[in-house]
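Structure record follows, encoded as structure tokens.
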Amino acid sequence: MATYQLEYRGLVEYYQLAYNLSTLSRLKWIMEQSLVKTLAHKHQTRVSKIYQKYRTELQVNGRTYKGLQVVIPREGKKPLRATWGGVPLIWDSKATIQDRSQRHWNERSELEKRLLAQICENCGATRLTDRIEVHHIRALKDLNKYEGREKPRWVKIMAARRRKTFVLCHTCHVDLHAGRPMKRNVSRSRTPLRR
């Protein structure tokens, strides 16, 4: 019941500046029918019984509205209340809109950062020495098919990271698909220059 109320109240507040706000009364009726029929099905009873059980009158800004309310008493605490209705459909031309500002995502994803680094995660080759590619697997569970034998280094790295992607140079990627052991030596582009 509270979910229906929140959805309806949100729509009414969003369209509060509209001069024909009263047309949302049709939406209120449709949502109320949906709510009551859902409750009747859940409690395996008739719609009229739900209305008899939960109907109430709600006071809002000095006006009385018909609505539904569920009250669940609790020991030592305030009772839980869920209410449907009591949202006035009154046009307010001076209402202030409280839209949330759009969130701007400036952060790059982990994969983007790894790709932009342009470094092979196996041998350390850079884009200056070899083409950088990404190896993909369908699912992390595919890394478990190496049981009974020692897992290759790239499988251990992907399993430890829990990632389905592995950034490699072209040479390492070809070796991986061919089933050959990949080279482990550090590329010359990663070693400091000697003078």
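The values are calculated or read from the model by the stated rules, or taken from the named source; none is laboratory data. Small disclaimer: the values here were computed from a predicted structure and weren't measured. All Cβ positions, glycine included, derive from the backbone under ideal geometry; neighbour counts span all protein chains shown. Remember, those area values only see protein heavy atoms, side chains included, never the ligands or the DNA or RNA. Shrake-Rupley method; radii C 1.70, N 1.55, O 1.52, S 1.80 Å.
What number of residues in the range 26-42 are open to solvent by less than 60 Å² (accessible area, probe 1.4 Å) and of a type outside the set (A, V, I, L, M, F, W, C)? Outline the logic, then answer.
Here is the first cut: in the range 26-42, the residues open to solvent by less than 60 Å² (accessible area, probe 1.4 Å) are 27-28, 31-36, 39-40.
Narrowing further to those that are of a type outside the set (A, V, I, L, M, F, W, C): 28, 32-34.
Within the range 26-42, residues that are open to solvent by less than 60 Å² (accessible area, probe 1.4 Å) and of a type outside the set (A, V, I, L, M, F, W, C) number 4.
Each row is one residue, and each column tells you yes or no for (1) under 30 Å from LYS164 (Cβ atoms); (2) not β-branched (Val, Ile, Thr).
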| residue | (1), (2) |
| --- | --- |
| HIS43 | no, yes |
| SER48 | no, yes |
| GLN52 | no, yes |
| TYR65 | no, yes |
| VAL71 | no, no |
| ARG74 | no, yes |
| GLN98 | no, yes |
| ASN106 | yes, yes |
| THR126 | yes, no |
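Scanning for something surrounded by fewer than 10 Cβ atoms within 10 Å (Cβ to Cβ) and either among the small types (Gly, Ala, Ser) or modelled with pLDDT of 85 or more (or both), does the range 180-191 turn up at least one residue?
No, the range 180-191 contains no residue that is surrounded by fewer than 10 Cβ atoms within 10 Å (Cβ to Cβ) and either among the small types (Gly, Ala, Ser) or modelled with pLDDT of 85 or more (or both).
Counting only residues that are under 13 Å from THR83 (Cα atoms) and either surrounded by 16 or more Cβ atoms within 10 Å (Cβ to Cβ) or touching a residue at least 24 places away in the same chain (Cβ under 8 Å) (or both), how many does the range 1-13 have? First the steps, then the outcome.
Of the range 1-13, the ones under 13 Å from THR83 (Cα atoms) are 1-9.
Subset that is either surrounded by 16 or more Cβ atoms within 10 Å (Cβ to Cβ) or touching a residue at least 24 places away in the same chain (Cβ under 8 Å) (or both): 1-2, 4-5, 7-9.
Of the residues in the range 1-13, 7 are under 13 Å from THR83 (Cα atoms) and either surrounded by 16 or more Cβ atoms within 10 Å (Cβ to Cβ) or touching a residue at least 24 places away in the same chain (Cβ under 8 Å) (or both).
Just give me the residues in the range 132-149 being in a loop (DSSP other than H, G, I, E, B) and either open to solvent by 80 Å² or more (accessible area, probe 1.4 Å) or at positive phi (or both), in sequence order.
In the first step, residues of the range 132-149 are kept if they are in a loop (DSSP other than H, G, I, E, B); the result is 137-139, 147-149.
Residues satisfying the conditions are ARG138, GLU147, GLY148, ARG149.
Return yes when GLN16 is open to solvent by less than 70 Å² (accessible area, probe 1.4 Å), at pLDDT below 90 and not β-branched (Val, Ile, Thr) and no when it is not. Break it down stepwise before answering.
Details: open to solvent by less than 70 Å² (accessible area, probe 1.4 Å): yes; at pLDDT below 90: yes; not β-branched (Val, Ile, Thr): yes.
Answer is yes for this residue.
Can you say whether HIS104 is open to solvent by 80 Å² or more (accessible area, probe 1.4 Å), modelled with pLDDT of 90 or more and under 31 Å from the mean Cα position of the chain (by Cα), as far as the supplied structure shows? Reasoning before the result, please.
Working: open to solvent by 80 Å² or more (accessible area, probe 1.4 Å): yes; modelled with pLDDT of 90 or more: no; under 31 Å from the mean Cα position of the chain (by Cα): yes.
No; evaluated as a whole, the condition is false for this residue.
Take the residues in the range 150-172 that are among the hydrophobic types (A, V, I, L, M, F, W, C) and not in a strand (DSSP E or B), then tell me which one is surrounded by the fewest Cβ atoms within 10 Å (Cβ to Cβ).
Residues of the range 150-172 that are among the hydrophobic types (A, V, I, L, M, F, W, C), as a first pass: 154-155, 157-160, 166-169, 172.
In the following step, the residues that additionally are not in a strand (DSSP E or B) were identified as 154-155, 157-160, 172.
Details: TRP154: 19, VAL155: 18, ILE157: 14, MET158: 21, ALA159: 14, ALA160: 8, CYS172: 25.
In this case the residue turns out to be ALA160.
Test each condition in (1) free of Cβ contacts under 8 Å to residues at least 24 places away in the same chain; (2) not in a strand (DSSP E or B) for ARG81 and report the one that comes out false.
(2)
Small (Gly, Ala, Ser), more than 24 Å from THR3 (Cα to Cα) and modelled with pLDDT under 90 - does that describe any residue in the range 59-72? First the steps, then the outcome.
The first filter runs over the range 59-72 and keeps only residues small (Gly, Ala, Ser), leaving 62, 67.
Keeping just the survivors that are more than 24 Å from THR3 (Cα to Cα) gives 62.
In the following step, the residues that additionally are modelled with pLDDT under 90 were identified as 62.
Scanning the range 59-72, I find at least one residue that is small (Gly, Ala, Ser), more than 24 Å from THR3 (Cα to Cα) and modelled with pLDDT under 90, so the answer is yes.
Here are some residues: THR45, THR64. Which one is open to solvent by less than 100 Å² (accessible area, probe 1.4 Å), hydroxyl-bearing (Ser, Thr, Tyr), farther than 16 Å from LEU11 by Cα and assigned to a loop (DSSP other than H, G, I, E, B)? Working first, answer last.
Details: THR64 fails: assigned to a loop (DSSP other than H, G, I, E, B).
After ruling out the rest, the residue left standing is THR45.
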